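Visitor: I am attaching a structure below and will ask some questions about it afterwards.
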Amino acid sequence: MMTRSQQSRTSRLTRPSVAIAAAVAVTAGVVAAAPDAKTAAVAGPKLSLIAASKSVTLDSWKEDPGVYLDLGTYLTSEKGAFEFKVTRKSYKDPVVASQIIRSGKKTTTKALPAGLVKDYSGLPGFTEVNVVDAAGKSVLKKTESFCPNNASGRVRPDAPASSKFPQSCPANPFTLGSVWGVENGWAANTYAGYYSAPVQLAAGTYTAKISVTKKYRDLFGIANKPQSVKLTVRERSWEAPEGGSGRAAAKVASSSLHAGHAGHQAAADPAPSGHAGHGAPARTDAPAAATTGAGATFNVGHGPYPPAPPALPWALKKQAAEKQAGKGALGAQGFSAARVGDRAGQTDGSRQAPGAQPNAKRPTGKAAVPNVPKPDLRSLPAYGITVSDGYEDVPGKDYLAFSANVWNAGPAKLVVDGFRSPGKELMDAYQYFYDAKGKQVGYTPTGTMEWDPRPGHEHWHFTDFASYRLLKADKKETVRSGKEAFCLANTDAVDYTVKNANWHPSNTDLSTACGQENSISVREVLDVGSGDTYTQDLPGQSFDITNLPNGTYYIQVLANPENRLKETNHKNNSALRKVVLGGKKGARTVKVPAHHLVNAN
């Protein structure tokens, strides 16, 4: 965990957050437009573009000008869910997307045009926004991508109480598979969130016209019904009167929630805060008051977040209330997953982890590893690679910093309990195994958990979960990171298309796992389809390259290095990322070649 002084550093290795759009309530009173005769013939759900309000007010800050153009428009889905499976066979293959159309017991797969979807951020160029000023002059025209998983709400009271789909579109460059969807009877915000840069608009009044672009109207049978929204842009200042609602006040309010899984959150400050190395997003929250909905609000895998806007679907209201009551950060409780299609031995992605709490007692009897499904830990190639100077900790040195992710390809989740004997410094760790019905059927000792007392950490680490090594060009080890102990959390949706993937993992940040100093036991879970990202940017975690010669090296991310955890496959635990070091001492450089088709450093 980072100390508070470390949190203030601006030169940090960071990881992008996922796209989150504003969660503005969509009431049952909104009536969706009916498609015309041409679009009605297209197979799939009935989709409509609607506006939650006829007018919105957005802020432009003097100290950081720019307007986050969340206009409160939504795409509704009726007569079925608007559902997609997005995947790639390997990093050598392009991302492909297919629409999943369900009609009774019949399921149809409709491939989207090749090259339309290039990553996992959503449908590119989905909406067009045209802003005109009071004189009728067009001052802005742009297109927005659309993540069907964006913050959403019900458009009718008889719609499912919660959406079975994930709550964001992943942004990890090495994501392998994703599921997108607007639940039947729900609506998803069309604002691109993190993926959309702020726009320059002077204070004043405007009219914004929002429409679905023609290629998507034709592809999905969406009626050509643009929405008009009156837009007021007000200029505000960072400084606000005492007790006011300016940006500074909002910033303070939101930052108080940014404790825990350091770097798993969208930080309110440009510099990340929180858990040592858990990859912090590269962006900051939208510079607006906490109630505008322009900033991050919620997301499985990257919580906790600032307070959500006041008008939300019931699930989010419950979640926000729990946060305000001090019951913890964002977890699965506010999103009670649907049980559609969930049965013994099979899940549609909605099943929860078996027991959020550790067993009440240390296991007894003979340890046994039964013949049941087990987790499959895999490593992603390193990313977010940069050179740092050691900050004030070890000045005058050169360090190679990076982000690394170990994920669980399933088909079973990784469940590890730690139990402490009174007065002992270490907990004994046990891995648990479950049958198809979720019943615990075995366990095995699997090392220890240790308490990390450093400010900003202060939680229990499971030892020997992963190892990081810098290999020479001949792939022999030259430097090893000192980081090997972790608190497990589901920070990234790596592949939600694998069997038994849990689209609503519960322990997405350190406030729902990892315990306290006086804990007698803890439970840590890595769910199927999710991974845990750590950013290795502090001396002792990153690689000391001060005296290494220039040339080609490989960053190795190695899961389960001592094979203490039981897996379905121990042969896929390693991932390599090529880097080329250059420069001179005190000014080292790093070049990161593309990893097949993934060109992200």
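The values are calculated or read from the model by the stated rules, or taken from the named source; none is laboratory data. Computed from a prediction, not measured in an experiment: that's the story for all the values here. Cβ: placed from backbone, ideal geometry, glycine included. Neighbour counts: every protein chain shown. Note: accessible area is taken over every heavy atom of the protein model, side chains too, but ligands, DNA and RNA are not part of it. Shrake-Rupley method; radii C 1.70, N 1.55, O 1.52, S 1.80 Å.
Visitor: For segment 68-204, what does the accessible surface come to per residue with a 1.4 Å probe? Please give it in Å².
Guide: Per residue, segment 68-204 has 38 Å² of solvent-accessible surface.
Visitor: Taking 30 Å as R0, compute the FRET efficiency from the Cβ-Cβ separation of Glu450 and Lys361 and round it to 0.05.
Guide: The calculated FRET efficiency here is 0.90.
Visitor: Please list 87-97, 221-231 highest first by mean number of surrounding beta-carbon atoms within 10 Å per residue. Walk me through the numbers before you get to the answer.
Guide: Details: 87-97: 14.5, 221-231: 18.1.
Result, highest mean Cβ count within 10 Å first: 221-231, 87-97.
Visitor: While we're here: By its C-alpha gyration tensor, with a ≥ b ≥ c as the square roots of the eigenvalues, how is segment 522-601 shaped: rounded for a/c under 1.5, else prolate for a/b larger than b/c, else oblate?
Guide: Values: a/c = 2.33, a/b = 1.84, b/c = 1.27.
In terms of gyration-tensor shape, prolate.
Visitor: Going highest first, how would you order 376-386, 523-533 by mean Cβ packing within 10 Å?
Guide: On the way: 376-386: 23.6, 523-533: 27.9.
So the peptides 376-386, 523-533, ranked by packing, come out 523-533, 376-386.
Visitor: Once you have a ≥ b ≥ c as the square roots of the Cα gyration tensor eigenvalues for segment 85-156, tell me rounded if a/c is under 1.5, and otherwise prolate or oblate according to whether a/b is larger than b/c.
Guide: Working: a/c = 2.95, a/b = 1.63, b/c = 1.81.
In terms of gyration-tensor shape, oblate.
Visitor: With the full set of protein chains in place, find how many percent of the accessible area of segment 128-187 is carbon and sulfur; take the probe as 1.4 Å.
Guide: Carbon plus sulfur share of accessible area: 49 percent.
Visitor: To continue, here is another question. Compare Glu425, Glu144 by solvent-accessible area with a 1.4 Å probe and give them largest first, with all protein chains kept in place.
Guide: Glu425, Glu144
Visitor: Does segment 114-202 come out rounded, prolate or oblate, given a ≥ b ≥ c as the square roots of the eigenvalues of its C-alpha gyration tensor, rounded meaning a/c under 1.5 and, failing that, prolate meaning a/b above b/c?
Guide: oblate
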